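Just passing along the structure, written as structure tokens.
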Amino acid sequence: MQFLTRELAQEIVERTMSILNRNINVMNESGVIIGSGDPERIGQLHDGALLVLRTGERVEIDQLRAAELKSSRPGINLPISFNGQTVGVVGITGEPADIRNYAELVRMAAELVLEQSFLLENVQWKQRIQNDIVNQLISEENVDEESVIERARAVGIALRQPRMVIVLDGPDSTEAAVQKRVRAVQYEVGRSDLIGVTFNHEIVILKSVPEAPQAQNTELTLFLKRLLQVAGGSVLIGCGSLAERPKGLQASFNQARSAIQVGGRLRAGARVYRYEDYRLEIMLSRLAWEEQDQQAFAFYEQLLGHEKKGELAHTLEVFIEEGGELHSIAERLFIHRNTLRYRLDKITELTGRDPRNLKGLMELYMARLWHHLR
């Protein structure tokens, strides 16, 4: 496996030369210069590096020895080690007596850059696998559960535990904005959680939850609060229901998206929408949209066209929220109960549906949903 690439070698050169006013060369496992402060030297074979690779020890080259070696100048060359293996050589140009104090620091810097690069690549590899797993679980109905479980195990995640899908949807869907949100969110997710990004630029978290119901709600509430703090003020968050098995995560994902779509219309000021809070509205809205007759809910428009525009529609909304309890409704609207009865009678007159009747209320409720969600 090639650990030391040309790009990484040049990064080592630029980092060390920004600190030391000395030319730095980096040679690969064949002794060829692949990074240098002197571009003309790139591609040359470095005899001093070959000596280091042969012996595994540092090699100091003064003016006399440089004349004997091909493509070498005075300096100190040291092996670059990674995981106990010599993967290249780093050289610092100058008379050995002048640069001896810096040589070991240059090698340490080179090995540190190499290790950081490897760790970053390893993290990115795990992130790519996570992203693939997340998208497979939320988009495929006939997913091969055992195969996905095995892939997740490769990145140290056990899928066989209850999870729910959390979706973050922001107005800025550029790649840079999404990746910035992903980096912010990654600091909040747990070790057993998975995170991915859909083709629609939604951030999806497969959140593992504790078995105890009370602990589930407490932990989820705290987690969502942290997400709100790091995700940005305009991001909306949707939560699906709990899936006991990986195959149930697709349904949880669809529920989370529906919660954002429906909840975002009904409560525009909120930022977090849980499916369990909008289950009825989501189900009723689907039924309403399946209605083939385009005039099926036209009666609701009569409330909006009333001379006191919006008054009756608002009264109906409070009536629904207060469960038909007339005293509470009148108090919220700051009106007398007789005025409330008048308004309810007017709603019945205009729409042909009495909100005090269960069937009439259901029709009015579905019509209201259809109006807000169309």
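Would you compute, from DSSP H runs of 4+ residues alone, the mean residue ellipticity of the chain at 222 nm, taking -39500 (n - 2.57) per run and dividing by the full residue count, rounded to the nearest 500?
-17500 deg cm²/dmol
Given labels modelled 7 Å from the Cα in the Cβ direction, how far is it in nm from Glu146 to Val230?
It works out to 3.6 nm between the two label points.
In the range 194-256, which GluC sites (Glu not before Pro) are in a loop and have at most 13 other Cβ atoms within 10 Å, using DSSP for the loop call?
Sparse-neighbourhood loop GluC sites (Glu not before Pro): Glu211, Glu244.
Right, something else. Given the options Gln161, Gln116, Gln127, state which has the largest fluctuation in a GNM of the chain using a 10 Å cut-off (strictly under) for Cα springs.
Gln116
Follow-up. Based on the Kirkwood radius over alpha-carbon pairs, what is the Stokes-Einstein translational diffusion coefficient of the range 79-187 at 20 °C with 1.002 mPa s viscosity, in µm²/s?
Answer, rounded: 118 µm²/s.
Here's something else I'd like to know. Against the empirical 2.2 N^0.38 Å scaling, what ratio does the C-alpha Rg of the range 193-284 come to?
1.05
Taking just the alpha-carbon atoms of the range 29-93, what radius of gyration and Dmax come out, in angstrom?
When restricted to Cα atoms, the range 29-93 yields Rg and Dmax of 11.1, 35 Å.
Of the options Leu50, Leu4, Leu280, report the single residue whose Cα projects farthest towards the positive end of the charge dipole of the chain (beta-carbon charges: Lys, Arg +1; Asp, Glu -1).
Result: Leu280.
Would you please give the FRET efficiency between Leu105 and Leu222, computed as 1/(1 + (r/R0)^6) with r the Cβ-Cβ distance and R0 = 51 Å, to the nearest 0.05?
After rounding, the FRET efficiency stands at 0.70.
Something else now. Specify the longest stretch of the chain that does not include any exposed loop site, a site being one of the chymotrypsin sites (Phe, Trp or Tyr not before Pro) with a non-H, G, I, E, B DSSP assignment and at most 10 other Cβ atoms within 10 Å.
Maximal segment without exposed cleavage sites: 1-186.
Compute the normalised compactness of the range 225-374: alpha-carbon radius of gyration over 2.2 N^0.38 Å, N being the residue count.
1.20
Using a Cα-Cα cut-off of under 27 Å, which lysines could be cross-linked to Lys346, ignoring same-chain neighbours fewer than 8 residues away?
Filter leaves Lys308, Lys309, Lys359.
Given C-alpha coordinates of the range 207-258, what is the ratio Rg to Rh with the Kirkwood estimate of Rh?
Radius of gyration over Kirkwood radius for the range 207-258 works out to 0.99.
Compute the convex hull volume of the Cα atoms of the chain, divide it by the residue count, and report the result per residue in Å³ as a whole number.
216 Å³
In the chain, with Lys and Arg counted as +1 and Asp and Glu as -1 at Cβ, which of these residues, Ser72, Leu222, Gly91, has the Cα nearest the positive end of the dipole, that is, farthest along it?
Of the options given, the answer is Leu222.
Given Cα pairs under 8 Å that are at least 6 residues apart, what percent is the relative contact order of the chain?
With pairs under 8 Å counted, the relative contact order is 10 percent.
Sticking with this one: Would you mind telling me the share, in percent, of accessible area of the chain contributed by carbon and sulfur at probe 1.4 angstrom?
49 percent
Evaluate E = 1/(1 + (r/R0)^6) for Asp98 and Arg15, where r is the Cβ-Cβ distance and R0 equals 25 Å; express this FRET efficiency to the nearest 0.05.
0.75
Cross-link partners among lysines for Lys207, C-alpha distance below 18 Å, same-chain residues fewer than 8 apart left out?
Of all the lysines, those that pass the test against Lys207 - Cα under 18 Å, at least 8 places apart if same chain - are Lys126, Lys225, Lys247.
I've got another one for you. Express the relative contact order of the range 172-316 as a whole percentage, based on alpha carbon pairs under 8 Å and six or more residues apart in sequence.
Relative contact order of the range 172-316: 14 percent.
With all protein chains present, calculate the accessible area of Thr16 using a 1.4 Å probe and round the result to the nearest 10 Å².
10 Å²
Suppose the chain between Ala66 and Arg245 were pulled fully straight at 0.36 nm per residue; how much longer would it get relative to their current alpha carbon spacing?
My answer for the length gained is 57.7 nm.
Still on this structure, please answer the following. Mean-square fluctuation check for the chain, GNM, Cα pairs under 10 Å: which of Pro210, Pro39, Pro171 is largest?
Pro39
Still on this model: Using a simple charge model, +1 on the beta-carbon of Lys and Arg, -1 on the beta-carbon of Asp and Glu, nothing else, what dipole does the chain show about its Cα centre, in debye to the nearest 20?
Charge dipole of the chain: 740 debye, to the nearest 20.
In Å², and per residue, what accessible area does the chain have when probed at 1.4 Å with the other protein chains present?
Here the per-residue accessible area is 54 Å².
When you have a sec, figure out the Kirkwood radius of the range 292-354 from all distinct Cα pair distances and drop it here in Å to one decimal?
When all Cα pairs of the range 292-354 are included, the Kirkwood radius is 12.1 Å.
Going by amide H atoms built from the backbone, whose H comes under 5 Å of the H on Val272, apart from near neighbours?
Under 5 Å from the amide H of Val272 lie the amide H atoms of Ile237, each far enough along the sequence or on another chain.
Right, next: How many nm separate the modelled label positions at Thr174 and Asp345, each set 7 Å beyond the Cα in the direction of the Cβ?
According to this spin-label approximation, the distance is 6.0 nm.
Each residue of the range 138-152 in order: what ³J(HN,Hα) in whole Hz does its phi give by Karplus 6.51 cos²θ - 1.76 cosθ + 1.60, θ = phi - 60°, with x for Gly and Pro?
Ordered by residue, 3J(HN,Hα) equals 8, 10, 10, 6, 9, 5, 7, 4, 5, 5, 5, 4, 5, 5, 5 Hz.
Let me ask another. Could you tell me which of rounded, prolate or oblate describes the range 1-126, using a ≥ b ≥ c as the square roots of the eigenvalues of the alpha-carbon gyration tensor, with rounded for a/c under 1.5 and, failing that, prolate when a/b is larger than b/c and oblate otherwise?
prolate
Under the definition of Cα pairs under 8 Å and six or more residues apart, what whole-number percent is the relative contact order of the range 239-362?
Result for the range 239-362 is 15 percent.
Follow-up. Taking amide H atoms as placed 1.01 Å from N in the peptide plane, list the residues 5 or more away in sequence, or in a different chain, whose amide H sits under 5 Å from that of Leu242.
none
The values are calculated or read from the model by the stated rules, or taken from the named source; none is laboratory data. Worth saying up front: this structure is predicted, and the values here are computed from it rather than measured. Note that we place each Cβ from the backbone using ideal geometry, even for glycine, and neighbour counts take in every protein chain shown. Please note that ligands, DNA and RNA were not included when accessible areas were found on the heavy atoms of the full protein model with its side chains. Shrake-Rupley method; radii C 1.70, N 1.55, O 1.52, S 1.80 Å.
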